[in-house]
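The values are calculated or read from the model by the stated rules, or taken from the named source; none is laboratory data. Since the structure is predicted, the reported quantities are computational estimates derived from the model, not experimental observations. Note that we place each Cβ from the backbone using ideal geometry, even for glycine, and neighbour counts take in every protein chain shown. Quick note on the areas: whole protein, heavy atoms, side chains included, nothing else; ligands and nucleic acids left out. Shrake-Rupley method; radii C 1.70, N 1.55, O 1.52, S 1.80 Å.
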Amino acid sequence: MKLGVLFSGGKDSVYATYLAMQKEEVSCLISLVSENCESYMFHTPNIHLTSLQAEAMGIPILEYTTKGIEEEELEDLKQAISLAVEQYDIEGIVTGAVLSVYQASRIQKICDALSLWCYNPLWHIDQDRYMQSLIDEGFEVIISGVFSAPFDETWLGRRIDNEALRLLRLYAAKYSITLTGEGGELETLVTDAPFFKKKIVVLTSESVYANYNGRYHIQTAEVRDK
């Protein structure tokens, strides 16, 4: 079955791509580039780098711009998926949804309308096991945004390694946040993975932070051989 992945460049969509490739053919990535940084549906930090990630993977990408207006952005998503059907003959959609019923239910509704299979390989996954798997399997994941206490500025651009995961476990227990950031507490970017043919190297970046809210904005980056 030919699949298109709803792709943000964060850990969940990258890992979902990885799992989908083990079962079916991933024909394309689909990235919604929102003009609204507070989009209800779509990941926004460093979304401009998804084309580099697609190049590193060797998978075609379809990028679709949306104004990010609540509910109206769902029609944009439907249009983007329809284009992917036309251009890549996809028969199903892959998502990186972990807990968000808001996102998963709306994507499922669009897939039903377009007669597409909807595959959510991370749905209600054991979050601790999943986060450890990212590290153990060689995914290079960096924090691209923090939006909750107790994250300070030092988390911006930080790689998720065993020490970072140890702290995340403590924070999850003490502050009742989700370990994966599914509650919007943090966002991520993947610069390398076991199935990447090449890797992403950050050249210049800028961090903006205030009151437990910050973004690690990558200004320039490039694809390099491993």
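Condition check ((1) open to solvent by 30 Å² or more (accessible area, probe 1.4 Å); (2) assigned by TED's automatic domain parsing to the domain that holds Gly184; (3) at pLDDT 95 or above; (4) out of contact with any Pro (no Cβ under 8 Å at 6 or more places or on another chain)) across all residues:
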| site | (1), (2), (3), (4) |
| --- | --- |
| Glu75 | yes, no, no, yes |
| Ala80 | no, no, yes, yes |
| Ala84 | no, no, yes, yes |
| Ser115 | yes, no, yes, yes |
| Arg159 | yes, yes, yes, yes |
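So which residues in the stretch 1-34 are free of Cβ contacts under 8 Å to residues at least 12 places away in the same chain and either among the basic types (Lys, Arg) or assigned to a helix (DSSP H, G or I) (or both)?
Correct list: Lys23 only.
Right, Ser207: among the small types (Gly, Ala, Ser) and at pLDDT 95 or above or not?
Answer is yes for this residue.
Please specify each residue of the stretch 146-157 satisfying the condition of being open to solvent by less than 70 Å² (accessible area, probe 1.4 Å) and out of contact with any helix residue (DSSP H, G or I) (no Cβ under 7 Å at 6 or more places or on another chain).
Phe147, Ser148, Phe151, Asp152, Trp155, Leu156, Gly157
With the requirement that a residue be part of a helix (DSSP H, G or I) and open to solvent by less than 40 Å² (accessible area, probe 1.4 Å), what does the stretch 128-145 give you?
If the condition is that a residue be part of a helix (DSSP H, G or I) and open to solvent by less than 40 Å² (accessible area, probe 1.4 Å), then Tyr130, Met131, Ser133, Leu134, Ile135 are the ones that fit.
Looking at (1) within 16 Å of Gly181 (Cα to Cα); (2) open to solvent by 30 Å² or more (accessible area, probe 1.4 Å), which is the only condition Ser105 fails?
Only one criterion in (1) within 16 Å of Gly181 (Cα to Cα); (2) open to solvent by 30 Å² or more (accessible area, probe 1.4 Å) is unmet by Ser105, namely (1).
I need every pair where a residue in the stretch 116-135 that is farther than 24 Å from Leu3 by Cα has its Cβ under 8 Å from the Cβ of a residue that is among the charged types (D, E, K, R) and modelled with pLDDT of 95 or more, sequence separation at least 6 or different chains.
Taking only residues 6 or more apart or on different chains, the pairs are Asp128/Arg169; Ile135/Asp161.
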